[in-house]
Amino acid sequence: MPSTKEKSSSQRARVSDLVGAVGEPPGEPAAPPLRSAEASRRLSQERVEEALDRASLRARLSALPEEDRAELIEALLEQLADGREELPEQLGERLLDGMIDQLIAGKRSEREILGPDGVLGELTRRLVERALSEELTEHLGYPAGQAPPGGAGNSRNGTSPKTVLTDHGPVGIEVPRDRNSEFDPQLVRKGQRRLAGLDEKIIALYAGGMTTREIENYITELYGPGVSRETVSRVTEGVLEDAKAWQTRPLEQIYPILYLDALMIKIRDGQAVRNFACYLAIGVNLEGDRDVLGMWFQRTEGAKFWLQVLTDLRQRGVHDVLVCCVDGLAGFPEAIEAVYPNTWVQTCLVHLVRSSLRFVPYRDKRKVAADLKRIYTAVDRDHAEHELERFAETWDGRYPMISQNWREHWEQIVPFLAFPPDVRRAVYTTNAIEALNRQIRKIIKTRGSFPSQDSARKLLYLAITRAQRNWRHTYNWASALTAFRIHFGDRVPDTAI
C-alpha cells in the first residue's frame with residue numbers, strides 16, 4: 001500500500017497532468033497580442049478550444065473511479081489552502097462546473113436539490129465540516145496527517161456528531177475534537193444548535209407580531225423540528241438587553257418639539273390581567289429628525305407619573321424643550337412646567353376637537369366642527385378669541401360645555417398661532433405619536449395580554465425600531481426652525497440655523 005507521502009505525490013502529479021491538459025504547454029512563451037482583424041478570427045477559435053477543453057476535463061473526471069475523483073478534489077483543495085501553485089482561473093471554474101454537474105446528476109425535484117437531504121444540504125454539511133477542520137488546524141498549528149511539532153502535544157481526537165438547524169433545514173455534521181479539549185469552534189459554537197441567520201429570522205417574525213407558538217409552528221413547517229417556544233423565548237431575550245440599553249441611552253440637550261402620549265395595553269399582574277399605560281415620548285431634534293426617547297409602564301395614566309417621565313428625560317441630558325405637545329390630561333401643563341418652566345405647552349387640537357364633539361349629536365356635528373375650525377385656523381390669537389365668542393353665541397344654548405372647556409384651556413390652545421401657517425402643522429397635534437400608536441396596535445392586536453412587563457417591553461421596542469425605519473424628515477423644518485429662533489431667541493443655537 002502506498003504511503004501518505006507517495007499518495008500526495010501521485011495526487012499532485014494528476015493535478016499537474018490536468019493543468020497541462022487544459023492550460024498552455026509548459027515552457028512555451030505566451031503568444032503575442034493579435035491585431036483587431038486577427039483577434040476576431042482567433043476569438044472563435046479560442047472559444048472552440050475552450051469548449052473542447054471543458055468536455056475533455058469532464059470526460060477525464062467522469063472516467064475516474066469515485067474514490068480517485070474524491071482524492072483528486074481533496075488534493076486540489078489542499079493545494080489551494082496551502083498556498084502552493086495557484087490553479088488557473090479557467091481551470092478552477094471548469095472544476096467547479098464539473099463538480100456541480102456530478103452533484104446534481106439525475107436529480108430534478110426541488111427536494112432532491114434544495115431539501116435538507118438534497119444537494120444543498122450536503123454542500124452545507126461539507127462546507128461547515130471543512131471550515132471546522134480548518135479552525136482546528138489553526139488551533140493546533142499543523143495540518144491533518146502530520147505529527148505535532150516536537151513529536152508531542154495536542155492532537156486531533158476524532159469527531160462528535162451534531163445536528164444544526166440551517167435555512168435549508170436540519171443538517172447533521174461531525175464536529176472535530178482535540179485531545180486536550182481546548183478547541184472552541186467559532187462557526188458552530190459549543191451548545192449552538194442554529195447557524196447564524198436563523199435567529200435574525202426568529203426575531204423578525206416576533207417583531208411582526210407572531211406569538212412564540214406561531215413561530216414554532218412556522219419554523220417547523222418550513223425547516224422541520226428544532227425550534228420550540230422555549231427556544232424562541234431564549235432568542236428574544238437578547239432583545240430585552242438591547243431595549244434596556246436603549247431606554248437609558250444619553251439624549252440630546254435640546255429638542256424643539258416634544259410629543260407625549262400614552263398607550264393602553266394588557267399585562268398579567270399576579271393572577272389577574274390589568275390595563276397598563278405605556279408612556280411614550282417622541283422628540284424632534286434640531287435637524288428635524290424624530291426619535292422615540294423612551295417608554296415607561298404604569299397602571300394608569302396621570303400627570304404625577306408624567307412628572308417622573310420628564311424628570312428621567314432631564315437626567316438623561318434633555319436640558320430644554322421649546323414646545324411640548326400633549327393631550328388634554330388634567331395636570332399635564334403643571335407637570336411640564338415643574339421640569340421645564342420655559343416650555344410652551346400646546347394642547348393637541350385633534351384631541352380637543354374630538355373631545356368637544358362627544359357632546360354633540362350626529363345632526364349637528366358637521367356644523368359644530370366647521371365653527372370650531374374657524375377658531376384654530378384664525379390668523380392670530382385675537383382673531384381666534386373673536387371666533388370663540390361667535391361660537392359661544394351660536395352654540396352655548398345647546399352645548400355650553402364646549403366653549404367653557406376651550407376657555408379653561410385657552411392658554412395651552414393658542415401658542416401655535418404665534419407661528420406662520422406652514423409651521424403650525426408641526427406643533428399643533430400629536431399625530432406623530434398617534435401614528436406610532438397605530439403601528440404598535442397592529443402588532444399587539446393578536447395578543448390577548450402580555451405575561452410580564454419585560455415581554456411587553458421586548459415587543460414594543462421591536463415595533464418602535466421597525467416603525468422608525470420608515471419615518472421621514474419633519475415637514476418644512478427649515479421654516480419651523482427659523483420661526484423658533486425668532487420666538488425663542490438664544491435658546492436655539494446659532495449652529496442649528
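The values are calculated or read from the model by the stated rules, or taken from the named source; none is laboratory data. These numbers were taken from a predicted model, which means no experiment stands behind them. Cβ: placed from backbone, ideal geometry, glycine included. Neighbour counts: every protein chain shown. With ligands, DNA and RNA removed, areas are computed over all heavy atoms of the protein, side chains included. Shrake-Rupley method; radii C 1.70, N 1.55, O 1.52, S 1.80 Å.
For segment 371-497, just say rounded, prolate or oblate: build the C-alpha gyration tensor, square-root its eigenvalues into a ≥ b ≥ c, call rounded for a/c under 1.5, and beyond that prolate if a/b exceeds b/c, oblate if not. Walk me through the intermediate numbers first.
Numbers: a/c = 2.99, a/b = 1.36, b/c = 2.19.
Oblate.
Taken along the Cα-to-beta-carbon direction at a fixed 7 Å, the label points for E241 and S155 span 3.9 nm.
Electrostatic bookkeeping for T212 treats Lys and Arg as +1 and Asp and Glu as -1; over the other residues with beta carbon under 9 Å from its beta carbon, the sum is -1.
Once fully extended, how much extra length lies between Y475 and R274, figured as 0.36 nm per residue of separation less the alpha-carbon to alpha-carbon distance? Before the final figure, lay out each step's value.
On the way: separation 201, 0.36 × 201 = 72.36 nm, distance 3.84 nm.
Separation in residues times 0.36 nm, less the Cα-Cα distance, equals 68.5 nm.
Sorting 393-399, 204-210 by their mean Cβ neighbour count within 10 Å, with the most densely packed peptide first, gives 204-210, 393-399.
One decimal place: the segment T220-R441 gains 76.8 nm when fully extended, by the rule 0.36 nm per residue minus the C-alpha distance. What whole number of Å gives the distance from the Cα centroid of segment 357-372 to the Cα centroid of segment 273-302? When both Cα centres are located, 31 Å separates them. Spacing of the modelled spin labels on R179 and D422, each 7 Å from Cα toward Cβ, amounts to 8.0 nm.
The residues of segment 291-383 expose on average 50 square angstrom of accessible surface per residue, using a 1.4 Å probe on protein heavy atoms.
When Lys and Arg each count +1 and Asp and Glu each count -1, what net charge do the other residues less than 12 Å away from P148, Cβ to Cβ, add up to? Please report the intermediate quantities before stating the final value.
Numbers: positive: R156, R179; negative: D178.
So the environment of P148 carries a net charge of +1.
Using DSSP to define loop residues, name the trypsin sites (Lys or Arg not before Pro) in segment 238-321 whose beta-carbon has at most 12 other beta-carbon atoms within 10 Å. Hits after loop and neighbour filter: R299.
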